[in-house]
Every structure is written in structure tokens, then in C-alpha cells.
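The values are calculated or read from the model by the stated rules, or taken from the named source; none is laboratory data. Since the structure is predicted, the reported quantities are computational estimates derived from the model, not experimental observations. Glycine gets a Cβ as well: all are built from the backbone with ideal geometry, and neighbour counts include every protein chain shown. What goes into the accessible areas is simple: the full protein's heavy atoms, side chains included, and nothing from ligands, DNA or RNA. Shrake-Rupley method; radii C 1.70, N 1.55, O 1.52, S 1.80 Å.
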Amino acid sequence: MVFGVILAGGVGTRMGNVDKPKQYLTIGGKPIIVHTVEKFYINDKFEKIIILCPQNWIAYTIDIFKKYQSEQGNKIVIIPGGLTRNETILNAIDYIEQNYGLDEDTVVVTHDAVRPFVTYRIIEENIKFATKGVACDTVVPATDTIVESKDGEVITQIPNRAKYYQGQTPQSFKAKLFKKLFNSLSVQEQAILTDAAKVFVMKGYPVSLVMGEASNIKVTYPYDLEFAETLLGGDKPC
């Protein structure tokens, strides 16, 4: 079985003075998270779409989907996230294990709630790799020169840009293997993780590249909201 896992645990501190987490801000007449989930809902390969958000926003999130996507019925489930990104993914995997069982073929396609422009192709390619047992990460080639500075004051290295990519999401993999690998890491190793793909890299497993799109932006800052509205061809967001 294949499950969509929408990570909506952020509180949007970089968005500035807003009264709600960024995934609930409106673009194109609907909350960002609704646009994102719609991209998963139209793909019939998903058994369930699991949305993970802060505990105190669960009721609000349920109300949003009742208002905007009532026809999606029981295909969507909303549960609490964890303290970190990977703990949130593990919460989703635990939900799957408790309600559906967890076997070697169970796949999770994890995606940022604030990347509403993910394409059908990107999702399909993630599913294709993961169902074959290969973890994958959605990326785009780095367009700017990458500069390394070990002390934050002077450049120590300028690597070859052609070998570097910028990570997006989805990131997809077999759920049971992810849980096994994550739990095998030390507390110190778990503390330095920034995303799920790194779990596989640290344990020596290959992670394939899925080519993303420049439009698959993560809405993080106020100007991202304006750009997102432009992509939708709408008015200024609120």
C-alpha cells in the first residue's frame, strides 16, 4: 500500500507577524494545505492521505477540510505530528502500522504541506522508485554557486556546482525500512538529521534523484506568498 504523508508541523516563524502557521494561510481562495493535499487526492494510488499537524491545530485542520474538501471523505486522516520532522514521519508510520499493518511493501510519500505546486509527475515518479524498494528525494540542480565557509567569515571551498542539487519534497521510501534505520541511529546521529533522506544516506543505502520543478516552491517567507499567488494567477494573499 502507498500512503501520502503531509508534514504540516511548522509554526511559520519565518513568515513574520501572522496569526496562524503558514500552511493555513490563504492563496487562491483556499488555505495552502488544501492546495497541497488536492495534488495527492487526485492520485488514486494512495490508500490514505495522512496529515500531521501540531496537536492544538488538529480541530482547526479538520474544520478546514470539512469546509473545502468534504467530498474527500475518509481518505484523509489528521493526526498529531512529533517534535521533529522525522518523529512526525514515525507518527505517520505508527498510525499505518496500527490501522493497516506494516509490511515490506508499505510505501510512504512524505511531502511538505507548504509545497502546493508539486506536480502529478513528481508524485508518480516518487511512487515508482519507492515501490521498487529504492528511497528517493526530489531535487533541482543548483543554479547558484555554492560557497563553503567553515568559520562563517571566509570562504574555505567553492565546490563544483554541477554536482550539487537543492532538495525539495516529496521524499519517498519503504516505511518499515525507514523505521528500522532511524531507530538504529544513535541519539547524536538523530539530532543532526535535517530530513528523511539523510537517514538512508547515513546507513549506506542509495537514494535516487527525482527531478523536481522550479515551481515546486516551499512557502516560507512573505514574498513566497506573493509568488505563489502569482503562480495561481490570483490576487494578493491574505
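Given the structure, is residue 134 open to solvent by 40 Å² or more (accessible area, probe 1.4 Å), modelled with pLDDT under 95 and closer than 28 Å to residue 211 by Cβ? Explain how you work it out, then say what you get.
Details: open to solvent by 40 Å² or more (accessible area, probe 1.4 Å): yes; modelled with pLDDT under 95: yes; closer than 28 Å to residue 211 by Cβ: yes.
Yes.
Taking the options 131, 110, 84, 156, name whichever one is farther than 30 Å from residue 57 by Cα and out of contact with any Lys or Arg (no Cβ under 8 Å at 6 or more places or on another chain).
131
On the given criteria, is residue 166 assigned to a strand (DSSP E or B) and either open to solvent by 90 Å² or more (accessible area, probe 1.4 Å) or farther than 23 Å from residue 96 by Cα (or both)?
yes
Test residue 157 against the stated conditions and say whether it is among the polar types (S, T, N, Q), open to solvent by 40 Å² or more (accessible area, probe 1.4 Å), closer than 22 Å to residue 35 by Cβ and free of Cβ contacts under 8 Å to residues at least 60 places away in the same chain.
Working: among the polar types (S, T, N, Q): yes; open to solvent by 40 Å² or more (accessible area, probe 1.4 Å): yes; closer than 22 Å to residue 35 by Cβ: no; free of Cβ contacts under 8 Å to residues at least 60 places away in the same chain: yes.
The answer is no for residue 157.
Mind checking which residues of region 53-68 are crowded, with 17+ Cβ neighbours inside 10 Å, under 14 Å from residue 81 (Cα atoms) and either free of Cβ contacts under 8 Å to residues at least 24 places away in the same chain or of a type in the set (Val, Ile, Thr) (or both)?
If the condition is that a residue be crowded, with 17+ Cβ neighbours inside 10 Å, under 14 Å from residue 81 (Cα atoms) and either free of Cβ contacts under 8 Å to residues at least 24 places away in the same chain or of a type in the set (Val, Ile, Thr) (or both), then 61 is the only one that fits.
May I ask you to verify whether residue 181 is open to solvent by less than 40 Å² (accessible area, probe 1.4 Å), more than 20 Å from the chain's Cα centre (by Cα) and either small (Gly, Ala, Ser) or over 16 Å from residue 5 (Cβ atoms) (or both)?
Taking the combined requirement at face value, the residue does not satisfy it.
Filter region 77-126 for residues that are surrounded by fewer than 20 Cβ atoms within 10 Å (Cβ to Cβ) and of a type in the set (Val, Ile, Thr); which is nearest to residue 47 (Cα to Cα)?
77
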